[in-house]
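*Asks:* Dumping the structure here so I can ask a few things about it.
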Amino acid sequence: MPRENFNDLVAFVAVAREGSFTKAAAQLGVSQSALSHTIRALETRLGVRLLTRTTRSVSPTEAGDRLLATVAPRLDEIEVEVAALSDMRDRPAGNIRISAAGHAATNVVWPKLEKFLPDFPDIKVELIVNYGLIDIVAERFDAGVRLGDQVAKDMIAVRIAPDLRMAVVGAPSYFAKHSPPTTPQDLAPHTCICMRLPTYGGLYAWEFEKKGHEVNVRVEGQLIFNTSTQIVTAVLAGFGLAYVPEDMVEDHIAAGRLLRVLTDWCPYFPGYHLYFASRRQSSPAFAMLVDALRYRA
């Protein structure tokens, strides 16, 4: 049966249940004559009479009873499912996969998810820590989180954090044995805690800038990690100097557990952005999550 004829079945069920063309027409929002024409056309296509009409009532024939028993429950199921979809619009649901570096996941994304998710129990978020600049489409992620200058131009990017500043820090126990550096070049004799990032193909060079003068320093030390959290643990234990996002150590600096150096050389970087493919079809759940993560100064 052609798809448009489903409307004819809806009309038939309404008349059969109401036992009246007048009541069924009012329910469907059509004229009585139009409804009568629809039923006659349906009977003609099927080649059987579906309704017995009298001056006082309308009732299904044997064929009509059979069609009503078969079709009506299915139409009811469709109506229930459509209503359920409308309910999902008011109560967003779905699975969302996000790729982010460790610092962004812990210090930016999670604090916002912690506030957002309790109000939307049907939204499930998979947050994967990944330091490589992966292809989120190929890896089947809905979105990724990276610094603003690392987002591909063909992606939609939404800022979720202010600009990021780095800090060089060391424990008081370390500085009791070593003089604090005053320039990036002074780092050469110091023991530094290094980070290995896949995007750099090796150890990360510490980046400095002052009055337009940029300096990258390849430091050395006894320890190499691939997450900032491990580096903070090691620097607190006095294993050397660390170069980490300042929001990870500002409490330790305030408490005197760490001392900061080279402050005037530490630059700001474009803040974290949530990015996703421009061709992605945004679901209500995803749109609400993006709004919850959005940075508001």
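The values are calculated or read from the model by the stated rules, or taken from the named source; none is laboratory data. Since the model is a prediction, treat every value here as computed from it, not as a measurement. No Cβ is skipped: glycine too gets one built from the backbone with ideal geometry, and neighbour counts run over all protein chains shown.
*Asks:* Could you please give the count of residues in the range 73-120 that are among the hydroxyl-bearing types (S, T, Y) and at pLDDT 85 or above?
*Replies:* 2
*Asks:* Being in a helix (DSSP H, G or I), touching a residue at least 24 places away in the same chain (Cβ under 8 Å) and among the aromatic types (F, W, Y) narrows it down to one of F6, F12, so name that one. I'd like the intermediate steps shown before the answer.
*Replies:* Working: F6 fails: touching a residue at least 24 places away in the same chain (Cβ under 8 Å).
Just a single option satisfies the conditions, and that option is F12.
*Asks:* Of the residues that sit in the range 96-114 and are in contact with an Asp or Glu (Cβ under 7 Å, 6 or more places away or on another chain) and aliphatic (A, V, I, L, M), which one is farthest from F141 (Cα to Cα)?
*Replies:* It comes out as I96.
*Asks:* Could you say whether any residue in the range 137-154 is under 20 Å from V244 (Cβ atoms), in contact (Cβ under 8 Å) with a residue 40 or more places away in the chain and among the acidic types (D, E)?
*Replies:* yes
*Asks:* If we keep just the residues of the range 28-47 that are within 20 Å of A69 (Cβ to Cβ) and out of contact with any Leu (no Cβ under 9 Å at 6 or more places or on another chain), which is surrounded by the most Cβ atoms within 10 Å (Cβ to Cβ)?
*Replies:* Only one residue tops the list, namely R45.
*Asks:* Also, quick follow-up: Quick one: in the range 207-230, of everything that is assigned to a strand (DSSP E or B), more than 31 Å from the chain's Cα centre (by Cα) and among the hydrophobic types (A, V, I, L, M, F, W, C), which residue is surrounded by the most Cβ atoms within 10 Å (Cβ to Cβ)?
*Replies:* In this case the residue turns out to be F208.
*Asks:* Ok, one more. Filter the range 237-269 down to the residues that are part of a helix (DSSP H, G or I) and among the charged types (D, E, K, R), then identify the one that is nearest to A188 (Cα to Cα).
*Replies:* Step by step, filter the range 237-269, then rank; the result is D264.
*Asks:* Name the pairs whose Cβ atoms lie under 6 Å apart, with the first residue in the range 166-195 and touching a residue at least 40 places away in the same chain (Cβ under 8 Å), the second among the acidic types (D, E), and 6 or more positions between them or separate chains?
*Replies:* From residues that are touching a residue at least 40 places away in the same chain (Cβ under 8 Å), the pairs are A167/E246.
*Asks:* Before we move on, is V244 within 30 Å of the chain's Cα centre (by Cα) and modelled with pLDDT of 95 or more?
*Replies:* So V244 fits the description; yes.
*Asks:* Kindly indicate the residue of the range 147-167 that is surrounded by 18 or more Cβ atoms within 10 Å (Cβ to Cβ) and in contact with a Ser or Thr (Cβ under 9 Å, 6 or more places away or on another chain) and also modelled with the highest pLDDT among those meeting that condition.
*Replies:* Per the stated criteria, the residue is A167.
*Asks:* Pick out the one residue from A237, A255, A287 that is modelled with pLDDT under 95, surrounded by fewer than 15 Cβ atoms within 10 Å (Cβ to Cβ) and farther than 16 Å from M166 by Cβ.
*Replies:* A287
*Asks:* Could you please give the count of residues in the range 48-57 that are of a type outside the set (S, T, N, Q) and modelled with pLDDT under 90?
*Replies:* Summing the residues that are of a type outside the set (S, T, N, Q) and modelled with pLDDT under 90 in the range 48-57 gives 2.
*Asks:* Related question: For A234, indicate whether it is assigned to a helix (DSSP H, G or I) and without any contact (Cβ under 8 Å) to a residue 60 or more places away in the chain.
*Replies:* yes
*Asks:* Filter the range 185-225 down to the residues that are hydrophobic (A, V, I, L, M, F, W, C) and in contact with a Gly (Cβ under 8 Å, 6 or more places away or on another chain) and list them by number. Working first, answer last.
*Replies:* Initially, the range 185-225 is screened for residues hydrophobic (A, V, I, L, M, F, W, C), giving 187-188, 192-195, 197, 203, 205-206, 208, 215, 217, 219, 223-225.
If the condition is that a residue be hydrophobic (A, V, I, L, M, F, W, C) and in contact with a Gly (Cβ under 8 Å, 6 or more places away or on another chain), then C192, I193, C194, L223 are the ones that fit.
*Asks:* Does the range 168-196 hold any residues that are surrounded by 15 or more Cβ atoms within 10 Å (Cβ to Cβ) and within 32 Å of the chain's Cα centre (by Cα), and which are they?
*Replies:* Initially, the range 168-196 is screened for residues surrounded by 15 or more Cβ atoms within 10 Å (Cβ to Cβ), giving 168-171, 174-175, 180-181, 184, 187, 190-195.
C194, M195 - these are the residues of the range 168-196 that are surrounded by 15 or more Cβ atoms within 10 Å (Cβ to Cβ) and within 32 Å of the chain's Cα centre (by Cα).
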